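Report on one structure; see the data block that follows.
The values are calculated or read from the model by the stated rules, or taken from the named source; none is laboratory data. Given the structure is predicted, the values throughout are model-derived calculations rather than measurements. Please note: Cβ atoms are built from the backbone with ideal geometry, for glycine as well, and neighbour counts cover all protein chains shown. Accessible surface areas use protein heavy atoms only, side chains included; no ligands, DNA or RNA. Shrake-Rupley method; radii C 1.70, N 1.55, O 1.52, S 1.80 Å.
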Amino acid sequence: MPTESYAPVLPPPQVSMSLLGWLRLHLFSTWYNTLLTLGLVGGLVLVLPPLWHWIFAVAHWQAVTINLRLFLVGLYPSDQVWRPGVLLILLAWLCGGSTAPNHGMMRHVSAPLGAGFVLLTCLLTGSARGIVGGAALALLVGYGLRWRWPHTSRLWHIGWLLSAPVVLIVLGGIEGAGLSPVATTQWGGLMLTLLLAAVGIVASFPLGLVLALGRQSTLPVIRWCAIAYIELVRGVPLVSVLMMFALLLPLFLPASWGRPNTLIRLLVGMTLFTAAYIAENVRGGLQAIPRGQYEAATALGLTWVQAMRYIILPQALRAVIPALVGQCISLFKDTALATIIGSLELLGIAKTVIEQAQWKSITGGVVFEVFSFTAVVYVVFTYSMSRVSRRLEHTLGVGTR
Amino acid sequence: MPAPQGKQLGSAIIECIDVHKWFGTFHALRGCSLTVQEKEVVVIIGPSGSGKSTFIRCINRLEVHQRGTIRVNGVTLSDDVRHIDQVRREVGMVFQSFNLFPHLTVLDNVTLAPRKVRRWSKPDAEEKAMYFLCKVGIPEQASKYPGELSGGQQQRVAIARALTMEPKVMLFDEPTSALDPEVIGEVLDVMVHLAHEGTTMVVVTHEMGFAREVSDRVVFMDHGEVLEEGPPEQCFTQPRHERLQTFLSKIL
């Protein structure tokens with residue numbers, strides 16, 4: 001009878017493998033694979049035990065533990081360390097509030113960031129459980145508020161905007177207002193590194209965006225200016241940009257301007273430098289958007305600004321998240337260059353600690369201990385950033401199938 | 001002007017007079033003139049590269065014409081951005097490659113322009129959007145992303161997106177050319193329905209069946225010129241121009 005009949009649905013072939021089978025397939029499949037495996041194992045046997053011995057028996061980790069506060073906040077006065085502590089609590093609260101329970105992409109950034117702030121309070125305050133508890137509590141309170149009122153993202157954005165001046169004022173202090181002034185030259189350690197990186201990233205992004213759009217502009221003067229800026233800045237090493245801003249710029253400014261703060265000069269230099277790279281990343285994203293998207297948007301009557309805001313940039317930026325995060329990571333590490341103009345951020349502090357008199361009696365000093373600690377700190381931060389980037393991409397990938 | 005099926009046509013809404021367009025040195029449009037009246041369905045046919053798409057893309061200024069006059073709903077197109085915006089608000093367009101916004105849901109695709117350009121409230125825009133999504137037969141897909149839909153469904157969303165702006169004219173630029181053969185019908189059905197409702201439409205297409213059965217007037221273009229226009233039965237059965245005869249003999 002000629003009825004419809006389909007081919008039978010078969011289960012996929014079973015792949016089950018014993019440990020031995022897995023080993024044979026992946027590690028000892030061919031003679032050169034076997035050789036490679038044995039060579040690697042041999043290498044690890046040679047390296048690991050002495051490394052283990054050094055970490056747990058030889059290394060003078062007290063160089064790090066004794067100077068922990070120095071690593072965290074640099075020369076910030078010890079009786080004023082509560083100020084960064086309080087700021088961490090504030091930032092943890094903002095992070096909690098920016099973590100919308102079920103939606104939004106920012107929660108992938110704010111949640112780990114908040115956890116990071118709480119961890120930092122742990123390190124900063126050592127045994128002072130009160131402040132650590134305060135930070136954790138602030139994080140939860142912020143989260144609770146957002147959970148109760150989920151549609152308040154705009155308020156939290158304003159909170160973040162206000163946090164920048166608050167951080168600077170609280171750290172810098174105000175004359176006669178109960179907050180004794182602390183010169184920016186005394187700011188240091190991880191605090192300064194994070195500050196440089198955060199301000200650099202946040203400030204260079206809008207500038208980079210404007211430059212990228214300028215480079216795409218149909219108005220020749222704007223386009224030429226953007227291209228000239230981008231190519232000029234990208235053609236110069238960051239070190240020389242920083243040198244110029246830190247050492248040469250004051251000489252060229254009118255005397256009445258005085259000497260702008262070194263920290264500000266550093267930040268301006270880093271921001272201007274990074275903006276050029278961000279502009280190129282964003283341009284890559286813009287070019288990846290098909291012409292049809294512009295046409296559909298304008299055919300619907302959207303203005304250029306609206307088309308950019310709602311159609312083009314959301315897609316373009318999403319496409320270049322990996323590159324943008326790469327730029328953030330790069331900027332985070334580049335803050336170490338501030339050392340060469342005498343700034344005591346994380347790496348600067350590391351060098352100071354190595355020079356401390358008490359370690360001079362040890363053969364070889366504490367160079368390895370201090371630098372490996374610093375390296376671990378950098379890796380922890382950069383790895384976290386790339387994890388966050390992966391999660392962002394994953395979330396944003398939803399609409400682009 | 002011809003008005004078959006006893007259809008009552010309104011006043012002229014698109015007037016193109018002696019429109020010229022060059023791409024570099026290539027003379028793409030060589031003095032095209034066309035008048036479209038309200039409620040009229042005009043189908044533009046012609047070999048590829050004949051300037052059909054360029055011509056209708058000039059009507060909402062996706063291409064800039066260099067000579068001649070284009071007047072839409074009484075507004076003459078010039079470099080004045082306000083005039084361009086005015087025209088685009090009244091002209092809906094459906095593209096060959098759909099051009100839906102992949103990062104927005106179907107509903108957001110449809111409501112974006114009404115909310116941002118017409119400044120409708122979100123509930124109003126969504127109500128209107130659902131009305132038109134129902135009309136094109138896919139209300140149940142409203143919360144999906146374009147990438148999750150078939151080509152035919154995407155093109156129907158694109159039609160709903162253009163309609164929700166309540167334009168006075170709809171331009172269709174080869175709306176079925178990128179579709180799989182089995183889903184062309186569902187898009188054509190929607191267009192036939194719109195035509196019967198009295199929507200003013202200018203359609204560039206290779207679907208001769210649609211041109212023959214639905215259009216009020218057929219316009220034949222070749223090498224950037226409008227060579228012949230008239231009611232479909234006349235154009236298809238007694239083509240006067242030699243090049244239209246050759247074109248029809250190749251495709252029919």
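Does B:R71 satisfy being more than 12 Å from chain A (Cβ to nearest Cβ) and under 30 Å from B:G31 (Cβ atoms)? When the stated conditions are applied, B:R71 passes them. I'd like to check something: does region A:343-352 contain any residue that is farther than 30 Å from B:L100 by Cβ, hydroxyl-bearing (S, T, Y), open to solvent by 30 Å² or more (accessible area, probe 1.4 Å) and in contact (Cβ under 8 Å) with a residue 40 or more places away in the chain? Among the residues of region A:343-352, at least one is farther than 30 Å from B:L100 by Cβ, hydroxyl-bearing (S, T, Y), open to solvent by 30 Å² or more (accessible area, probe 1.4 Å) and in contact (Cβ under 8 Å) with a residue 40 or more places away in the chain, which makes the answer yes.
Could you tell me whether any residue of region A:279-299 is without any contact (Cβ under 8 Å) to a residue 60 or more places away in the chain, assigned to a loop (DSSP other than H, G, I, E, B), surrounded by fewer than 22 Cβ atoms within 10 Å (Cβ to Cβ) and over 18 Å from the mean Cα position of the chain (by Cα)? Looking for residues that are without any contact (Cβ under 8 Å) to a residue 60 or more places away in the chain, assigned to a loop (DSSP other than H, G, I, E, B), surrounded by fewer than 22 Cβ atoms within 10 Å (Cβ to Cβ) and over 18 Å from the mean Cα position of the chain (by Cα), one finds at least one in region A:279-299, hence yes. Filtering region A:173-193 to residues that are open to solvent by less than 20 Å² (accessible area, probe 1.4 Å) and part of a helix (DSSP H, G or I) leaves A:G189, A:L190, A:L192, A:T193.
Taken together, A:W52, A:W31 contain a single residue that is farther than 30 Å from A:L179 by Cβ, at pLDDT 85 or above, over 40 Å from the mean Cα position of the chain (by Cα) and exposed (fewer than 11 other Cβ atoms within 10 Å of the Cβ), which is A:W31. Report whether or not A:G326 is over 30 Å from A:M244 (Cβ atoms) and among the small types (G, A, S). When the stated conditions are applied, A:G326 does not pass them.
Okay, residues lined up against (1) open to solvent by 40 Å² or more (accessible area, probe 1.4 Å); (2) not in a helix (DSSP H, G or I); (3) not acidic (D, E):
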| position | (1), (2), (3) |
| --- | --- |
| A:G301 | no, yes, yes |
| A:M308 | no, no, yes |
| A:R318 | yes, no, yes |
| A:K333 | yes, no, yes |
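Does region B:60-67 contain any residue that is outside any strand (DSSP E or B), open to solvent by less than 10 Å² (accessible area, probe 1.4 Å) and either modelled with pLDDT under 95 or within 21 Å of A:G292 (Cα to Cα) (or both)? Checked region B:60-67: at least one residue is outside any strand (DSSP E or B), open to solvent by less than 10 Å² (accessible area, probe 1.4 Å) and either modelled with pLDDT under 95 or within 21 Å of A:G292 (Cα to Cα) (or both). Listed by position, the helices (runs of 4 or more DSSP H) inside region A:1-106 whose residues that are under 24 Å from A:A198 (Cα atoms) number at least 2 are A:68-73, A:82-98. Of everything listed in (1) under 30 Å from B:G24 (Cα atoms); (2) open to solvent by 60 Å² or more (accessible area, probe 1.4 Å), the single unmet condition for B:C134 is (1). Restricting to region B:106-131, name every residue that is surrounded by fewer than 19 Cβ atoms within 10 Å (Cβ to Cβ) and of a type in the set (G, A, S). B:S121 - this is the single residue of region B:106-131 that is surrounded by fewer than 19 Cβ atoms within 10 Å (Cβ to Cβ) and of a type in the set (G, A, S).
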